[in-house]
Amino acid sequence: MTERVRDLVLDVRGKRCPQPVIELGRAARDAPDGLVVVVLATDPAAEPDIAAWCRMRGHHLLHQGWNEDASQLVSRVRIRRTPQAAVPAAPPPGGPGTPPG
Amino acid sequence: MSQPRNGAPPGRSYLDAATFAPLLPIAREALLAALDDGWADPRRLHQEGRRARLLLDQAREAVAAAVGARPEEVTFTATHTRAVQAAVAGVLKARRRVGGAAVASAVEHSAVLNAARHAGDLRTVRVDRLGRVDLDHLVAAVTAAPTALACLQVANGEVGTRQPVAAAADVCRAAGVPLLLDAGASAGHVRLPDTWDALTCDAGAWGGPAEVGVLCLRASTRWLPTEPEQDGVEIVAGSPGLPAVLAAAVALEYAGARQATEGPRRAQLVDRIRRAARRLPDSEVVGDDGDRLPHVVTFSCLYADGEALLDAFDRRGFAVGSGSACTATTLRPSHVLAAMGVLTHGNIRLGLPLGVREESVEAFIAALPEVVAGVRDQLGVGDL
């Protein structure tokens with residue numbers, strides 16, 4: 001039985017860009033391969049920026065979504081220790097998101 | 001010598017001219033001359049009024065020729081935003097039996113998106129990572145449900161990417177949907193396509209007065225006014241004053257005459273900026289590499305603060321723009337960058353005005369690595 005690594009919850013609610021991504025970068029720096037970081041954010045810029053950070057750093061964005069009243073964004077990120085190069089010309093996944101509010 | 005060539009005082013470089021260019025010296029001269037010579041009411045039948053009417057007609061003819069319209073198709077509005085609002089609301093009203101929905105790319109000017117939302121329904125069409133509209137999605141959007149109007153820009157004013165206008169016009173024509181082409185960032189800088197039913201332009205973006213917008217409606221375009229009848233000169237309420245219109249027309253002729261030289265020259269400067277930005281660690285240069293406006297360039301720096309970058313450049317004498325949330329009055333990131341799925345923080349946006357000095361661009365490129373590193377040092381992100 002291998003022990004499952006527990007998800008890391010990163011609460012950056014109330015913090016404005018670029019702080020949420022900076023804190024995610026810090027959390028990822030020492031994280032083991034495969035760790036899932038759950039980022040709680042309120043800054044509207046966190047949605048595109050966490051997605052872009054994952055692409056630039058080779059991490060895997062598992063899921064991203066705002067809660068029902070669009071007051072909080074939850075992003076689930078799987079940390080990859082062997083990041084691949086970003087592919088800048090690929091189309092964004094799923095098209096434009098509807099901004100909250 | 002009262003006015004420096006690039007609109008900035010000595011020691012300053014104004015590089016934020018994508019949507020708000022400094023008034024061209026020739027436009028300033030025209031404006032001042034018109035305050036003496038073109039101030040009268042063009043509806044009056046006395047000599048002063050006839051003189052004003054003559055000047056207005058000449059301005060309309062000049063603008064029409066520059067944008068590929070007939071003079072009677074051209075209306076001057078107070079600002080580009082008003083032109084967009086009148087185009088969207090007027091076409092939706094004329095086609096209300098079709099249904100109120102407008103289709104627009106997700107990266108249209110906020111004036112277009114806001115006008116469509118305000119006037120009815122808005123369905124947005126996604127773009128790729130370069131900011132180019134997804135034509136398949138456009139086809140689906142205009143055919144899946146009743147569509148009263150489609151809106152597409154000639155090129156994006158924030159990232160510079162040109163849109164596939166001819167192909168989009170074919171899609172719209174096949175679907176029987178009128179096309180509003182927004183040339184807000186493009187008019188004066190590139191040759192405009194003529195495949196439109198409505199066209200909107202912004203004099204402030206080509207070096208004319210910002211209080212002049214242009215709305216062109218083809219004779220065949222169904223459009224109804226949404227406001228009470230006006231003065232009998234323009235079809236949209238609140239037309240700009242004649243001196244501003246004359247200055248806008250003079251500036252557009254000047255810009256058009258320099259497209260062949262100023263286009264490639266500025267495109268080359270933009271290429272140099274893009275290469276320099278790409279050399280920065282953890283940077284993302286956005287928009288199409290080649291099929292783009294000649295004067296607009298933007299890039300983002302990971303872990304940097306857009307407002308701090310803007311301030312640092314400002315202190316060094318460079319006026320630059322940004323699409324980062326912290327630099328916006330709404331505290332929301334640029335909807336263009338967000339729709340493209342690119343980084344929105346640490347964003348720097350440049351618009352090179354007509355006649356921009358090469359030395360200004362070289363000095364910006366020289367300062368760039370130090371400014372970005374300085375901002376990142378302050379945030380303590382050097383080891384990320």
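The values are calculated or read from the model by the stated rules, or taken from the named source; none is laboratory data. Computed from a prediction, not measured in an experiment: that's the story for all the values here. Neighbour counts run over all protein chains shown; Cβ positions are idealised from the backbone, glycine included. To get the accessible areas, we keep the full protein, side chains included, count just its heavy atoms, and leave off ligands, DNA and RNA. Shrake-Rupley method; radii C 1.70, N 1.55, O 1.52, S 1.80 Å.
What the table below lists for this structure:
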item	result
Given (1) in a strand (DSSP E or B); (2) surrounded by fewer than 21 Cβ atoms within 10 Å (Cβ to Cβ); (3) not acidic (Asp, Glu), number of the condition residue B:104 does not satisfy	(2)
Restricting the stretch A:20-77 to residues that are touching a residue at least 12 places away in the same chain (Cβ under 8 Å), acidic (Asp, Glu) and more than 8 Å from chain B (Cβ to nearest Cβ), the residue that is nearest to residue B:343 (Cα to Cα)	A:23
Residue match in the stretch B:143-158 (condition: surrounded by fewer than 24 Cβ atoms within 10 Å (Cβ to Cβ) and without any contact (Cβ under 8 Å) to a residue 24 or more places away in the chain)	yes
First in the stretch B:247-268 and in contact (Cβ under 8 Å) with a residue 40 or more places away in the chain and of a type outside the set (A, V, I, L, M, F, W, C), second anywhere and open to solvent by 50 Å² or more (accessible area, probe 1.4 Å) and assigned to a helix (DSSP H, G or I), Cβ under 6 Å, 6 or more apart	B:254/B:26; B:256/B:66
Single match in B:82, B:28, B:12, B:95 (criterion: touching a residue at least 60 places away in the same chain (Cβ under 8 Å), open to solvent by less than 50 Å² (accessible area, probe 1.4 Å) and among the basic types (Lys, Arg))	B:95
Condition met for residue B:86 (touching a strand residue (DSSP E or B) at 6+ places or on another chain (Cβ under 6 Å), within 27 Å of residue B:108 (Cβ to Cβ) and part of a loop (DSSP other than H, G, I, E, B))	no
Residues (open to solvent by 40 Å² or more (accessible area, probe 1.4 Å) and modelled with pLDDT of 95 or more) located in the stretch A:73-101	A:74, A:76, A:78
Hits in the stretch A:32-46 (condition: surrounded by fewer than 18 Cβ atoms within 10 Å (Cβ to Cβ), modelled with pLDDT under 95 and not acidic (Asp, Glu))	A:32, A:34
Pick from the stretch B:310-342, criterion closer than 15 Å to residue B:126 by Cα and aliphatic (A, V, I, L, M), ranking: farthest from the other protein chains (Cβ to nearest Cβ)	B:336
Residue within the stretch B:194-217 that is part of a strand (DSSP E or B), touching an Asp or Glu at 6+ places or on another chain (Cβ under 8 Å) and under 24 Å from residue B:264 (Cβ atoms) present	no
Selected residue [open to solvent by 10 Å² or more (accessible area, probe 1.4 Å) and among the aromatic types (Phe, Trp, Tyr)] from B:313, B:318	B:318
Output for the stretch B:327-362, where each listed residue is on the phi > 0 side of the Ramachandran plot and over 21 Å from the mean Cα position of the chain (by Cα)	B:331, B:341, B:346
